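The values are calculated or read from the model by the stated rules, or taken from the named source; none is laboratory data. Model, not experiment: these values are computed from the prediction. With ideal geometry, Cβ positions are generated from the backbone for all residues, glycine too; neighbour counts draw on all protein chains shown. All accessible areas refer to the heavy atoms of the entire protein, side chains included, with ligands and DNA or RNA removed. Shrake-Rupley method; radii C 1.70, N 1.55, O 1.52, S 1.80 Å.
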Amino acid sequence: MKLLLLLVAVGLCSAQYNPNTRSGRTSIVHLFEWRWDDIAAECERYLGPNGFGGVQISPPNDHILVSNPWRPWYQRYQPISYKLCSRSGNEQQFRDMVTRCNNVGVYIYVDAIINHMCGSGGGSGTHSSCGSYFNAGARDFPSVPFSGWDFNDGKCTTGSGEIENYGDANQVRNCRLVGLLDLSLEKDYVRGKIVGFLNTLIDIGVAGFRFDAAKHMWPGDLKAITDRLNNLNTRWFAGGTRPFIFQEVIDLGGEAISSSQYFGVGRVTEFKYGAKLGSVIRKWNGEKLSYTKNWGEGWGFMPNDRALVFIDNHDNQRGHGAGGASILTFFDARLYKMGVGFMLAHPYGFTRVMSSYRWNRNWVNGKDTNDWIGPPSNSDGSTKSVTINADSTCGNDWVCEHRWRQIKNMVIFRNVVNGQPFSNWWDNGSNQVAFGRGNRGFIVFNNDDWNLDATLNTGLPSGNYCDVISGQKEGTRCTGRQIYVDGSGRARFQISNNDADPFAAIHVDAKL
């Protein structure tokens, strides 16, 4: 009996680290600011058929409407209530999206804003996505309801009420982050309201949560909240399945709060990953791709089974959040595809792909003054639909990096090599590297200023393979490069430093 109880406890402890994706699916995509109707359609027509495991969605609940600047993206991160009506759609559209995506094996992960409500300067009135009345100055949010008793104002010791010193953990967790009204999560009443919100989403069918601003909440409070969450909906998930938890904790080192303090709650976003890989691929500070032979924990990253990894996110692609100018984004498409390709080929961490919209950057003194711009919108502020062009790209200023052939094919590559060991490393001592994943996949990069021509041990069975970067396998032919692996598992790779995409990847499902 004691052994049985121990096994049950171990199972419960590990459950929140499991992404709950359908077997054989290993990555999720952040469809930033997409409408629920568009996400439902994308699950059915593209994400499901191409092996994506899930979608991180923008916050689904009632949020403030900001008119100056006009409808910025960050208004979604200022809750007014936990009603399910947002810029992306109403509750019925949300439920429909969850059902349709779940039915094709693409699960929904909610960006949950539970640290705070709107900003202290949000005024009063009904300017919210649900039309709910609130009074930020009086700390009055009757649609929850929250009152002045439910905020941390009295616990913050700074004169401004804002975080003034990130070296002080108490300030970081008890004071306002950029003016946002900080909820008192130690109060059972506040916890109960948040748990009710999250459990409603679980019962609808979501698979897990990203906790925004987790660094600004006490780990013990988060643990108390997650312990009260329901198991996932048995219409789509096995009985007893716990929600997947991943937490936004920006930790580049040198502050009072570290990622490891949150491992007991769930996975944590590894911000060092995109920052370091961006520096390597940009070849800054003498960094070389050949140095990534021990990539992952060998670079000081968190344990593999606690990490959620990404090249960029909605914050740092705008120059804030973490990582600075080293972060690769769709604006640097050639380097970006290499970075995402490396991430999806490498076994470290659970991977999230970014899918963005365009905006016109305006650099002033090293800062993009247009970093606030919201999603492609109509004149009334409503979000434009995501249109699909004949060549499978997106229109209406939606970037849709997840639809780029190279990225989509590497999502499939990761599924094919899942569970296989990191193997057959090769490098030239500079910026040409290659590695395999057991006997199922192999990838080669040329980030040098000269051509690559090398015969390498791939570990793959002999035969003709389609390179899934320059093209892909379609029927009995390759639309891009064809690579022959001989009886000893060796293949010759020729990659010009001038290629549009200076890398190549093959896997057993792309074998002719």
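Residue pairs whose Cβ atoms lie under 7 Å apart, sitting 6 or more positions apart in sequence or on different chains, and linking a residue in the range 97-108 that is open to solvent by 10 Å² or more (accessible area, probe 1.4 Å) to a partner that is in a loop (DSSP other than H, G, I, E, B), are Thr99/Gly205; Val104/Gly48; Tyr107/Asn20; Tyr107/Thr21; Tyr107/Gly53; Tyr107/Ala207.
Only one residue in Ser120, Ser147, Ser132, Ser124 is of a type in the set (Ser, Thr, Tyr) and open to solvent by less than 40 Å² (accessible area, probe 1.4 Å), so which one is that?
On the way: Ser120 fails: open to solvent by less than 40 Å² (accessible area, probe 1.4 Å); Ser147 fails: open to solvent by less than 40 Å² (accessible area, probe 1.4 Å); Ser124 fails: open to solvent by less than 40 Å² (accessible area, probe 1.4 Å).
From the options Ser120, Ser147, Ser132, Ser124, the qualifying one is Ser132.
At least 2 residues being over 20 Å from Phe141 (Cα atoms) is the threshold, and among the strands (runs of 3 or more DSSP E) wholly inside the range 159-265 those reaching it are 208-211, 244-247.
Taking the range 183-198 as the range and being surrounded by 15 or more Cβ atoms within 10 Å (Cβ to Cβ) and within 24 Å of Arg100 (Cα to Cα) as the test, the residues that pass are Phe197, Leu198.
Residues of the range 352-382 that are open to solvent by less than 20 Å² (accessible area, probe 1.4 Å) and more than 21 Å from the chain's Cα centre (by Cα): Asp368, Gly381.
Can you name the residue in the range 135-144 that is within 24 Å of Gly161 (Cα to Cα) and not in a strand (DSSP E or B) and, of all such residues, is least open to solvent (accessible area, probe 1.4 Å)? Going through the qualifying residues, I end up with Ala136. Taken residue by residue, the range 454-462 has no member that is open to solvent by less than 60 Å² (accessible area, probe 1.4 Å), under 23 Å from Val280 (Cβ atoms) and in contact (Cβ under 8 Å) with a residue 60 or more places away in the chain.
Taking the criterion of being in a loop (DSSP other than H, G, I, E, B), within 16 Å of Asp499 (Cα to Cα) and polar (S, T, N, Q), the residues of the range 423-477 that qualify are Asn431, Asn447, Asn451, Ser470. Within the range 246-257, the set of residues being in contact (Cβ under 8 Å) with a residue 60 or more places away in the chain and either farther than 16 Å from Trp218 by Cβ or touching a Ser or Thr at 6+ places or on another chain (Cβ under 6 Å) (or both) comprises Phe246, Ile250, Leu252.
Between Ile483, Ile443, the distinction of being farther than 28 Å from Ser355 by Cα, of a type outside the set (Lys, Arg) and either open to solvent by less than 30 Å² (accessible area, probe 1.4 Å) or at pLDDT 95 or above (or both) belongs to Ile483 only. Reported count of residues in the range 394-444, each being of a type in the set (A, V, I, L, M), in contact with a Ser or Thr (Cβ under 8 Å, 6 or more places away or on another chain) and farther than 18 Å from Phe493 by Cα, is 2. Consider the range 299-351 and keep the residues that are part of a helix (DSSP H, G or I) and of a type in the set (Asp, Glu). The one that is surrounded by the fewest Cβ atoms within 10 Å (Cβ to Cβ) is Asp305.
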